[in-house]
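The values are calculated or read from the model by the stated rules, or taken from the named source; none is laboratory data. A quick note: this is a predicted structure, and the numbers were derived from the prediction, not measured. Note that each Cβ is placed from the backbone with ideal geometry, even for glycine, and that neighbours are counted across all protein chains shown.
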Amino acid sequence: MNIVVSVKHVPDPNVPMEMSGERIRREGVQGVLDPGDEFGVEAGLLIKEAQGGEVALVSMGPAPAMEAIRRALSMGADRGVLVTDDALAGADALVTARVLAAAIRRSEYDLVICGVESTDGYTGAMPAMLAEFLGIPMVTFVKKFEQTDGSLKVHRQTADGYHVVECTLPALVTVTAGVNEPRYASFKGIMAAKKKPVDQISLADLGLSPNDVSVLQSVTGMASAEARKAGEIIEDDGTAATRIADFLTEAKVI
Amino acid sequence: MDSTALELLTKARELGDAEAVALGPGATEAAAQLGEYGAATVYAGDDEVYADYIAEPAAHTLFELIGQHSPDLILFATNYDSRDIAGRLAAKTGSTLMSNAIGLPSTEVAQTAILGGATIVDVKLEGTPKLVLVRPKSFVPEPAGGEASVVPVDVPIGEDLRRARRLERHEEQAAGPKLDEAAVVVSGGRGLQEAANFDLLEQLASAIGNAAVGATRAVVDAGWVPYALQIGQTGITVKPSVYLAFGISGATQHMVGMKGAKRIIAVNKDEEAPIFQIADLGIVGDAMKLLPQLIDEIKARKG
């Protein structure tokens with residue numbers, strides 16, 4: 001089973017996000033492997049351990065995005081591909097999907113794994129675009145793999161439960177948090193990651209031109225949303241339960 | 001019917017001539033209500049293929065309908081299925097897809113909230129058709145009293161689009177109301193320390209009555225509760241009468257999903273927690289200590 005996991009280098013979600021003009025500020029902000037992608041990497045590793053094959057990583061972003069690939073390699077992935085090109089600054093989901101599809105198509109694959117949505121852009125639309133560009137079926141919000149051999153059988157999260165979905169391979173899945181427990185990179189894993197092969201490629205290497213990556217969205221205005229005001233803040237001196245109950249009574253909900 | 005569809009129609013008829021596409025069992029039946037909320041025409045396809053197979057049949061049909069009718073703008077309610085369908089459709093049309101929209105000043109501009117909802121961004125969309133995924137509760141649905149003419153959808157769906165099939169549907173019976181419909185939302189964050197403590201939120205919700213339990217992304221990522229409970233930028237938007245936040249610091253990602261609540265009560269140990277800036281009643285204290293007291297107090301008052 002050859003597995004491709006898409007990974008993204010995002011600003012550390014534990015640091016409040018800032019804007020640089022119309023874009024998320026990335027310069028000078030500590031970047032990390034998107035925490036949502038760790039579940040995808042782990043899912044790929046578990047399938048490989050059960051069935052053999054390889055786990056390849058694919059990512060798009062400026063040169064520092066290599067850190068995210070190295071991190072995933074140190075968890076145990078086999079190799080990585082990073083698409084880096086100045087023409088990709090400000091890329092939207094559609095452009096990202098087109099580029100990743102071109103990068104993924106360079107090798108044979110059976111399964112593509114993505115996170116449900118990135119922690120910084122959170123459009124959640126990229127995986128569906130990627131599946132369409134690759135011409136393969138897709139199951140999003142996977143919370144459990146029942147079968148991965150020959151065809152897929154997975155549990156897909158829904159608003160009020162889950163569906164069991166069967167899908168032919170090759171396919172794309174997005175995995176939710178909770179599908180597994182991502183492993184920590186061991187010291188040995190971190191050392192080994194330094195020697196694993198990583199391809200850094202440009203748009204031209206993929207046969208794409210800047211025309212293929214033009215963005216159809218532009219920010220034309222920004223305004224502060226109507227702010228809520230802080231109300232009364234009190235220390236819990238033992239009467240807080242009464243205060244909250246009074247509040248709920250006034251609001252007529254109890 | 002998903003009430004977001006009615007919200008979207010209300011907005012769409014304000015922006016121009018509105019039509020609706022309904023796919024899956026019950027589509028034709030839904031046409032009357034869609035007409036009442038502003039759809040002049042409803043393209044209805046009742047075929048079970050749209051419910052049984054994920055995204056591909058619906059995206060294909062929409063693409064065919066676009067070819068026939070050349071719409072300027074297509075609105076989707078943000079939910080599990082339509083993100084997949086809209087994403088596939090955007091790759092087919094090569095046109096722009098805007099996610100997480102909360103406002104539509106015109107057919108060419110969509111608004112989205114960033115930085116935890118503190119800032120609203122106007123995004124101009126180019127190309128046709130423009131595809132926009134709109135967050136639920138962005139608009140207030142209002143009936144217009146019209147009647148839709150129904151046009152049956154007859155697009156052949158080949159075997160090549162029947163690849164991801166639903167075999168079984170399981171509904172996990174949550175006690176009480178749905179999260180996005182409950183009058184009160186009782187929500188927990190990392191301050192609750194461990195998964196087992198969410199049981200206290202369940203107890204509080206059932207003591208209150210018309211209340212549902214929600215969670216932050218951090219605890220969903222930690223595997224404490226399923227994704228379906230996640231409130232925030234990623235996840236569900238709620239606008240209850242009262243929102244009670246226990247052990248939630250108020251990460252930007254969370255606030256955008258709950259700051260539309262009518263009243264907010266926050267309990268957190270850290271007096272500097274950002275959630276206090278938007279709370280009507282803020283309690284600096286230990287949620288774990290307070291929760292049992294509050295459950296008892298409410299039970300006592302309700303007799």
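Based on what the data block shows, is residue A:190 surrounded by 19 or more Cβ atoms within 10 Å (Cβ to Cβ), modelled with pLDDT of 90 or more and either over 22 Å from the mean Cα position of the chain (by Cα) or hydrophobic (A, V, I, L, M, F, W, C) (or both)? No, not satisfied. Of the numbered criteria (1) buried (at least 24 other Cβ atoms within 10 Å of the Cβ); (2) out of contact with any strand residue (DSSP E or B) (no Cβ under 7 Å at 6 or more places or on another chain), the one residue B:251 fails is (1). Could you list, in sequence order, the residues of the stretch B:112-146 that are part of a loop (DSSP other than H, G, I, E, B) and either of a type in the set (A, V, I, L, M) or not assigned by TED's automatic domain parsing to the domain that holds residue B:38 (or both)? Within the stretch B:112-146, B:118, B:140, B:144 qualify. Take the conditions at the interface with another protein chain (Cβ under 9 Å from one of its Cβ atoms) and small (Gly, Ala, Ser) and apply them to residue A:89. Does it pass? For residue A:89, the condition - at the interface with another protein chain (Cβ under 9 Å from one of its Cβ atoms) and small (Gly, Ala, Ser) - is not met.
Restricting attention to the stretch A:76-102, the residues that are surrounded by fewer than 23 Cβ atoms within 10 Å (Cβ to Cβ) and in a helix (DSSP H, G or I) add up to 7. Highlighted here are the helices (runs of 4 or more DSSP H) found entirely within the stretch B:1-64 that include at least 3 residues which are surrounded by fewer than 23 Cβ atoms within 10 Å (Cβ to Cβ), in contact (Cβ under 8 Å) with a residue 40 or more places away in the chain and in contact with a Phe, Trp or Tyr (Cβ under 8 Å, 6 or more places away or on another chain): B:3-15. Scanning the stretch B:57-84 for residues that are farther than 18 Å from residue A:165 by Cβ and aliphatic (A, V, I, L, M) turns up B:62, B:65, B:66, B:73, B:74, B:75, B:77. Only a single item in (1) surrounded by fewer than 23 Cβ atoms within 10 Å (Cβ to Cβ); (2) under 15 Å from residue A:179 (Cβ atoms); (3) under 18 Å from the mean Cα position of the chain (by Cα) is not met by residue A:117, and it is number (1).
Quick check on residue A:236: is it more than 30 Å from residue B:165 (Cβ to Cβ), without any contact (Cβ under 8 Å) to a residue 40 or more places away in the chain, crowded, with 17+ Cβ neighbours inside 10 Å and not aliphatic (A, V, I, L, M)? Here the answer is yes, as residue A:236 does meet what is asked. Considering the conditions (1) under 30 Å from residue A:165 (Cα atoms); (2) modelled with pLDDT of 90 or more; (3) within 11 Å of chain A (Cβ to nearest Cβ); (4) out of contact with any helix residue (DSSP H, G or I) (no Cβ under 6 Å at 6 or more places or on another chain), residue B:185 is excluded by exactly one of them, (1). Of the strands (runs of 3 or more DSSP E) that lie entirely inside the stretch B:207-303, those containing 1 or more residues that are in contact with an Asp or Glu (Cβ under 6 Å, 6 or more places away or on another chain) and facing another protein chain (nearest Cβ under 7 Å) span B:263-268, B:281-284. Residues in the stretch B:120-142 that are within 20 Å of the chain's Cα centre (by Cα) and farther than 17 Å from residue A:123 by Cα: B:137, B:139, B:140, B:141, B:142. If you go through the stretch B:204-219 and keep only what is surrounded by 18 or more Cβ atoms within 10 Å (Cβ to Cβ) and more than 14 Å from residue B:247 (Cα to Cα), you end up with B:204, B:205, B:207, B:208, B:211, B:212. Taking first residues from the stretch A:190-201 that are farther than 12 Å from residue A:71 by Cα and part of a strand (DSSP E or B) and partners that are at pLDDT 95 or above and hydroxyl-bearing (Ser, Thr, Tyr), the Cβ contacts under 6 Å between residues at least 6 apart in sequence or on separate chains come to A:200/A:84. Only a single item in (1) on the phi > 0 side of the Ramachandran plot; (2) assigned to a strand (DSSP E or B) is not met by residue A:142, and it is number (1).
I need the full set of residues from the stretch A:213-254 which are within 40 Å of the chain's Cα centre (by Cα) and more than 7 Å from every other protein chain (Cβ to nearest Cβ), in order please. Across the stretch A:213-254, the qualifying residues are A:213, A:214, A:215, A:226, A:227, A:229. Do we have residue A:195 as basic (Lys, Arg) and more than 27 Å from the chain's Cα centre (by Cα) here? Spelling it out, it is not the case that residue A:195 is basic (Lys, Arg) and more than 27 Å from the chain's Cα centre (by Cα).
What about residue A:111, is it under 18 Å from the mean Cα position of the chain (by Cα) and in contact (Cβ under 8 Å) with a residue 12 or more places away in the chain? Judged against the criteria, residue A:111 is a match. Residues that are surrounded by 24 or more Cβ atoms within 10 Å (Cβ to Cβ) number at least 3 in the following strands (runs of 3 or more DSSP E) confined to the stretch A:1-64: A:2-6, A:54-60. Residues in the stretch A:202-233 that are of a type in the set (A, V, I, L, M, F, W, C), free of Cβ contacts under 8 Å to residues at least 40 places away in the same chain, surrounded by 12 or more Cβ atoms within 10 Å (Cβ to Cβ) and not in a strand (DSSP E or B): A:225, A:230. Filtering B:42, B:21, B:49 for residues that are more than 10 Å from chain A (Cβ to nearest Cβ), of a type in the set (A, V, I, L, M, F, W, C) and more than 17 Å from residue B:5 (Cβ to Cβ) leaves a single hit, B:49. For the stretch B:147-173, taking the residues that are part of a loop (DSSP other than H, G, I, E, B), within 14 Å of chain A (Cβ to nearest Cβ) and surrounded by fewer than 12 Cβ atoms within 10 Å (Cβ to Cβ), the one that is modelled with the highest pLDDT is identified as B:158.
Taken as a whole, the structure places residue B:205 among residues that are closer than 18 Å to residue B:296 by Cα and not assigned by TED's automatic domain parsing to the domain that holds residue B:51.
Against the test of being out of contact with any helix residue (DSSP H, G or I) (no Cβ under 8 Å at 6 or more places or on another chain) and among the hydrophobic types (A, V, I, L, M, F, W, C), the options A:89, A:102 yield a single qualifying residue, A:89.
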